[in-house]
Amino acid sequence: MKFYSTNNKDLRVGFKEAVFNSMPQDKGLYMPEHIPHLDAKFLNNLDQYTLPEIAFRVAQNLLGDDIPADDLKAIINDTINFYAPIVKLEKNVFVLELFHGPSLAFKDFGARFMSRVMAYFLEEGEKQLDVLVATSGDTGGAVALGFLGVPNTRVTILYPKGKVSHIQELQLTTNGQNIRALEIDGTFDDCQALVKQAFTDKELNEKFRLTSANSINIARLIPQTFYYFNAYAQLLRQGISKAVFCVPSGNFGNIGAGLLAWKMGLPVEHFVAATNANDTVPAFLKSGVYEAKPSVATLSNAMDVGNPSNWVRIADLFDEDLDTVRQLITGYSYTDDDTLDAIEQLSKVDNYIACPHTAIAWKALKTYQQEHAADDTAGIFLSTAHPCKFPDVFKPEIAAKIEVPAQVKELEKKESHAVSLGTSFNEFKSYLLGNA
């Protein structure tokens with residue numbers, strides 16, 4: 001499969017180059033030159049396949065022969081080795097739990113797959129791979145664990161000072177080895193801007209072999225399609241064949257993967273994009289005017305993105321046709337008060353404890369279902385992180401019910417290391433050059 005830039009459809013590169021270069025020099029994002037439609041027999045019988053079997057079939061269709069079948073199976077079996085169940089809360093309301101991986105966040109799917117793909121393509125004697133990643137919370141932890149100890153790689157994580165939870169920060173700063181953390185005195189958007197500028201800086205690119213682990217990397221997007229197909233397979237096992245997916249959205253890579261799955265033939269009725277106060281996309285869907293905004297800090301910090309990078313991929317999927325996008329995607333945004341109310345309602349009514357991102361998705365799904373009643377259609381909202389990562393959000397009586405996994409307790413025993421920087425690109429560049 002060849003991949004083109006969203007800013008230049010005449011550009012064609014192979015999967016390896018798209019993964020390692022992550023962002024073309026024209027500042028577009030890579031997309032597959034054509035999107036394969038999976039055969040009807042496979043789609044109609046998804047319930048007969050396991051998650052790794054589904055992942056292999058989807059990946060093989062997207063990648064062609066870029067990775068031989070046996071090698072691709074090995075990568076998938078090594079990375080997608082945890083479960084992602086749908087849990088029924090009430091009639092036509094299911095939660096897709098994506099936090100059962102090592103870092104307790106949905107980004108384990110993308111980060112682990114990407115790290116193994118990069119390690120697979122790295123050849124002995126090649127220049128060290130320098131992975132830059134900006135995080136608003138969960139990406140950094142997933143990438144850190146995905147790349148920890150991978151030979152000939154080094155990961156530099158940029159995170160906004162005071163805007164990630166304590167556990168998230170520990171996941172970023174306690175790894176050592178080939179993982180280093182930079183605490184940026186700014187927002188996630190500032191972190192993301194520094195990473196993007198680094199990729200277009202001539203001196204840095206001559207000195208280092210740079211790549212990104214953010215969702216701008218196509219190797220992050222592809223594995224996120226897997227759990228949409230797998231969730232639908234689980235619905236089929238319950239005799240349900242119509243589904244709406246509600247996705248908590250920040251940088252819009254997660255819902256972008258769902259839309260890619262839909263393009264590949266997954267029969268999804270509708271998508272709901274649920275955001276916090278950073279409502280750039282819901283506002284665009286209402287007004288037709290796209291206005292990037294400075295991000296604002298919220299309780300659902302992983303979604304604090306004012307200018308989502310992956311929206312250009314979604315626009316590209318639909319050839320910039322806003323009417324078609326509006327037919328398939330509805331957007332809702334919620335305040336922190338709404339988030340806290342949703343957490344309390346979920347705990348009280350369904351005895352389910354949700355992280356703030358997940359709670360927003362539940363609230364948006366319920367709103368959509370009230371506006372679009374359909375007895376034969378299941379609503380699935382995505383739970384993107386384990387609630388234990390956000391202990392300060394919950395009331396004591398709810399927090400007391402959270403089961404803290406063993407790996408989180410181990411984090412508390414580790415020493416934290418981070419370098420503090422401002423938002424100046426020159427300062428960031430000097431750090432990279434001075435710590436080569």
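The values are calculated or read from the model by the stated rules, or taken from the named source; none is laboratory data. If you're wondering where the values come from, they're calculated on a predicted model, not measured in any experiment. All Cβ positions, even for glycine, are placed from backbone atoms using ideal geometry, and neighbour counts span all protein chains on display. Heavy atoms of the whole protein, side chains included, go into the accessibility calculation; ligands, DNA and RNA do not. Shrake-Rupley method; radii C 1.70, N 1.55, O 1.52, S 1.80 Å.
For the stretch 189-213, how many residues are under 30 Å from ALA261 (Cβ atoms) and open to solvent by 10 Å² or more (accessible area, probe 1.4 Å)?
The first filter runs over the stretch 189-213 and keeps only residues under 30 Å from ALA261 (Cβ atoms), leaving 189, 191-193, 195-196, 199, 210-213.
Then drop every residue that is not open to solvent by 10 Å² or more (accessible area, probe 1.4 Å), which leaves 189, 192-193, 196, 210.
The qualifying residues number 5.
Restrict the check to the stretch 100-115 and report whether at least one residue is buried (at least 19 other Cβ atoms within 10 Å of the Cβ) and at positive phi.
yes
Does LYS429 fit the bill of being open to solvent by less than 20 Å² (accessible area, probe 1.4 Å) and either in contact with a Gly (Cβ under 6 Å, 6 or more places away or on another chain) or charged (D, E, K, R) (or both)? Let's see the steps before the verdict.
Working: open to solvent by less than 20 Å² (accessible area, probe 1.4 Å): no; either in contact with a Gly (Cβ under 6 Å, 6 or more places away or on another chain) or charged (D, E, K, R) (or both): yes.
Answer is no for this residue.
Output yes when any residue across the stretch 31-43 is out of contact with any helix residue (DSSP H, G or I) (no Cβ under 6 Å at 6 or more places or on another chain), open to solvent by 10 Å² or more (accessible area, probe 1.4 Å), of a type in the set (Lys, Arg) and assigned to a helix (DSSP H, G or I), and no when none is.
yes
Any residue at all in the stretch 387-397 that's in contact with a Leu (Cβ under 6 Å, 6 or more places away or on another chain) and over 17 Å from ALA105 (Cβ atoms)?
The answer is no, given that none of the residues of the stretch 387-397 is in contact with a Leu (Cβ under 6 Å, 6 or more places away or on another chain) and over 17 Å from ALA105 (Cβ atoms).
Checking ALA399 against (1) out of contact with any Phe, Trp or Tyr (no Cβ under 7 Å at 6 or more places or on another chain); (2) open to solvent by less than 20 Å² (accessible area, probe 1.4 Å); (3) of a type in the set (A, V, I, L, M), which test does it fail?
(2)
Restricting attention to the stretch 100-115, which residues are part of a helix (DSSP H, G or I) and within 13 Å of the chain's Cα centre (by Cα)?
Step one: of the stretch 100-115, the residues part of a helix (DSSP H, G or I) are 107-115.
Residues satisfying the conditions are LYS107, ASP108, PHE109, GLY110, ALA111, ARG112, PHE113, MET114.
Give ILE255, ILE184 a once-over and let me know the one that is in contact (Cβ under 8 Å) with a residue 60 or more places away in the chain, open to solvent by less than 10 Å² (accessible area, probe 1.4 Å) and within 24 Å of VAL325 (Cβ to Cβ). Even if it seems obvious, please write down each step before you answer.
Values: ILE184 fails: within 24 Å of VAL325 (Cβ to Cβ).
Just one listed residue meets the conditions, ILE255.
Here is a check on your reading of the model: is ALA55 crowded, with 20+ Cβ neighbours inside 10 Å, out of contact with any strand residue (DSSP E or B) (no Cβ under 9 Å at 6 or more places or on another chain) and either at negative phi or assigned to a loop (DSSP other than H, G, I, E, B) (or both)?
On the way: crowded, with 20+ Cβ neighbours inside 10 Å: yes; out of contact with any strand residue (DSSP E or B) (no Cβ under 9 Å at 6 or more places or on another chain): yes; either at negative phi or assigned to a loop (DSSP other than H, G, I, E, B) (or both): yes.
Yes.
Pick from the stretch 384-434 the residues that are small (Gly, Ala, Ser) and not in a loop (DSSP other than H, G, I, E, B): which of them is nearest to ILE157 (Cα to Cα)?
To start, the set of residues in the stretch 384-434 that are small (Gly, Ala, Ser) comprises 385, 399-400, 406, 416, 418, 420, 422, 424, 430, 434.
Narrowing further to those that are not in a loop (DSSP other than H, G, I, E, B): 385, 399, 406, 420, 430, 434.
Values: ALA385: 19, ALA399: 29, ALA406: 24, SER420: 12, SER430: 16, GLY434: 16 Å.
Per the stated criteria, the residue is SER420.
Restricting to the stretch 178-236, name every residue that is part of a loop (DSSP other than H, G, I, E, B) and either over 30 Å from HIS417 (Cα atoms) or not β-branched (Val, Ile, Thr) (or both).
First pass over the stretch 178-236, keeping only residues part of a loop (DSSP other than H, G, I, E, B): 178, 185-187, 200-201, 208, 213-217, 225.
ASN178, ASP185, GLY186, ASP201, PHE208, ALA213, ASN214, SER215, ASN217, THR225, listed by residue number.
Is it the case that LEU299 is open to solvent by 30 Å² or more (accessible area, probe 1.4 Å) and assigned to a loop (DSSP other than H, G, I, E, B)?
Working: open to solvent by 30 Å² or more (accessible area, probe 1.4 Å): yes; assigned to a loop (DSSP other than H, G, I, E, B): yes.
Spelling it out, LEU299 is indeed open to solvent by 30 Å² or more (accessible area, probe 1.4 Å) and assigned to a loop (DSSP other than H, G, I, E, B).
So which residues in the stretch 26-53 are closer than 22 Å to ILE314 by Cβ and of a type outside the set (A, V, I, L, M)?
ASP26, LYS27, GLY28, TYR30, PRO32, GLU33, HIS34, PRO36, HIS37
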